[in-house]
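To keep things clear, I will list the structure first and then write my remarks on it.
The values are calculated or read from the model by the stated rules, or taken from the named source; none is laboratory data. Note that the coordinates shown come from a computational prediction; the quantities given were computed from them, not determined experimentally. All accessible areas refer to the heavy atoms of the entire protein, side chains included, with ligands and DNA or RNA removed. Shrake-Rupley method; radii C 1.70, N 1.55, O 1.52, S 1.80 Å.
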Amino acid sequence: MLVGIFFYLNRYTKRRYFSFWTVAWLFHASWLALSIALLDKQENPQLIMLKQWCIGASAVFLLSGSAWFLNQRIRPSQLALFLAFLFIWSWLSVYQFDSLFQMQLPVFGS
């Protein structure tokens, strides 16, 4: 529902921050769907990594949309580097760390 609302607002108002927020809610919906679909199944490393990618990308796009809303422009290279950091960290954390706390702490801190 939120994705549809923000898509409509983006099309109607032509404001860039609505497009960021639409993408953010798409990633959040993907994370939610993965969490619900895999509720009864044991998670393998790839699924944990995919869920972390979705929630990290959602946070980055929400932050970027909020910055655009406040007239603080973000360069695409900054956005790409931040997403790359989160994606690489998620990949490394799944295969290098033993506990879930160690995996999620740096992503939460950033």
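Counting only the heavy atoms of the protein chains, how much of LEU50 is accessible to a 1.4 Å probe, in Å² to the nearest 10? It works out to around 70 Å².
Segment LEU38..PHE101, full-extension length gain: 20.7 nm, with 0.36 nm per residue of separation and the alpha-carbon distance subtracted.
Note that region 49-88 presents 58 Å² accessible area per residue, ligands and nucleic acids not counted, probe 1.4 Å.
Suppose the chain between LEU92 and ARG75 were pulled fully straight at 0.36 nm per residue; how much longer would it get relative to their current alpha carbon spacing? All intermediate terms of the calculation are to be shown ahead of the outcome.
On the way: separation 17, 0.36 × 17 = 6.12 nm, distance 2.60 nm.
Difference between extended and current length: 3.5 nm.
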